[in-house]
1. Quick check: is even one residue across region 212-223 of a type in the set (A, V, I, L, M, F, W, C) and under 20 Å from THR78 (Cα atoms)?
2. Does any residue in region 56-72 that is in the same structural domain as HIS41 (by TED's automatic domain parsing) come within less than 8 Å, Cβ to Cβ, of a residue that is more than 10 Å from the ligand (Cβ to nearest atom) and of a type in the set (Lys, Arg) six or more places away or on a different chain, and which pairs are these?
3. Tell me, which helices (runs of 4 or more DSSP H) lie completely within region 166-239 with 1 or more residues that are in contact with a Ser or Thr (Cβ under 9 Å, 6 or more places away or on another chain), outside the structural domain of ARG120 (by TED's automatic domain parsing) and more than 22 Å from ARG126 (Cβ to Cβ)?
4. Consider LEU216 carefully, then state whether it is under 13 Å from the mean Cα position of the chain (by Cα), within 23 Å of SER80 (Cβ to Cβ), of a type outside the set (Val, Ile, Thr) and crowded, with 19+ Cβ neighbours inside 10 Å.
5. Which one of these does ARG126 not meet: (1) at pLDDT below 85; (2) in contact with a Ser or Thr (Cβ under 7 Å, 6 or more places away or on another chain)?
6. Just to verify a result, which residue in region 82-115, among those that are among the basic types (Lys, Arg) and not in a loop (DSSP other than H, G, I, E, B), is modelled with the highest pLDDT?
Amino acid sequence: MNDQLSTDTPRRVLVVEDERTLAGMVAAYLSQAGFTAELAHRGDDAVAAVRADPPDVVVLDLGLPGMDGIEVCRQIRTFSDCYIIITTARKEEVDTLIGLSVGADDYLTKPFGVRELVARVQTLLRRPRGDGKPHDTEGGTHSFGALLVDPLGHQVHLHGQPVALTPTERDLLITLATRPAMAFSRRQLIDEVWGTGWIGDEHLVDVHIAHLRKKLDDDPDTARYITTVRGVGYRMGKG
Ligand code: CA
């Protein structure tokens, strides 16, 4: 995994937060960490800003004037696959949220330490993306019935059609597909996809797997593509 953030062009983070003091503090810490931080204080402004010039990461508060954060996330996902971290005031909200297919990559409960938030942003950006190298050295496309996973091209096709996945869903699938014989624990998947520094509820993995299965039309009972390995976690292939 590449641990070095690119130093030539600073990565851009859009902070969407209506509490201006908090927004300013988050922006200051992000700038200090070498990011270009931009601010939006309203939901509709945030969608417009991402549409005009997509940032690398959006830090998204839920309670916003103009348009609530869930709707902001949904709208952004229709035209951008930038990383989205949702920040919310209540722990219970996170549980509800991760049950909704809003397409966020990570969640942070308020009050959060701003350093923790910066660490989460850095972790997301360390993930291999379209320009990064995949974990396997084999390359090539992996096929599972009607499903084709191309780790180098970061492409996923089902029945010949491209599947629209969030970056997190795609990275999870690529991790599983490049080592199809291996049963991954939730922690192993977190280490691969979120990074070894990620701390939080490991059941976040289950939620992203559930979204992935829905998009792949993969019923957990029949499990054509992703199998639940009891007491372990997940592996690729038929159950
Ligand atoms: Ca708010």
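1. Start the filter on region 212-223 by keeping residues that are of a type in the set (A, V, I, L, M, F, W, C), which leaves 212, 216, 223.
Adding the requirement that they be under 20 Å from THR78 (Cα atoms) leaves 212, 216.
Scanning region 212-223, I find at least one residue that is of a type in the set (A, V, I, L, M, F, W, C) and under 20 Å from THR78 (Cα atoms), so the answer is yes.
2. Here the result reads ASP56/ARG11; ASP56/ARG12; VAL57/ARG11; VAL57/ARG12; LEU64/ARG42; PRO65/ARG42; GLY66/ARG42; MET67/ARG42, each pair linking region 56-72 to a residue that is more than 10 Å from the ligand (Cβ to nearest atom) and of a type in the set (Lys, Arg).
3. Numbers: elements: 167-178, 186-193, 204-215.
Counting at least 1 such residues, we get 204-215.
4. Values: under 13 Å from the mean Cα position of the chain (by Cα): no; within 23 Å of SER80 (Cβ to Cβ): yes; of a type outside the set (Val, Ile, Thr): yes; crowded, with 19+ Cβ neighbours inside 10 Å: yes.
No; evaluated as a whole, the condition is false for this residue.
5. (2) is the only condition that ARG126 fails.
6. ARG115
The values are calculated or read from the model by the stated rules, or taken from the named source; none is laboratory data. These numbers were taken from a predicted model, which means no experiment stands behind them. Cβ atoms come from the backbone with ideal geometry, glycine included; neighbour counts cover every protein chain shown.
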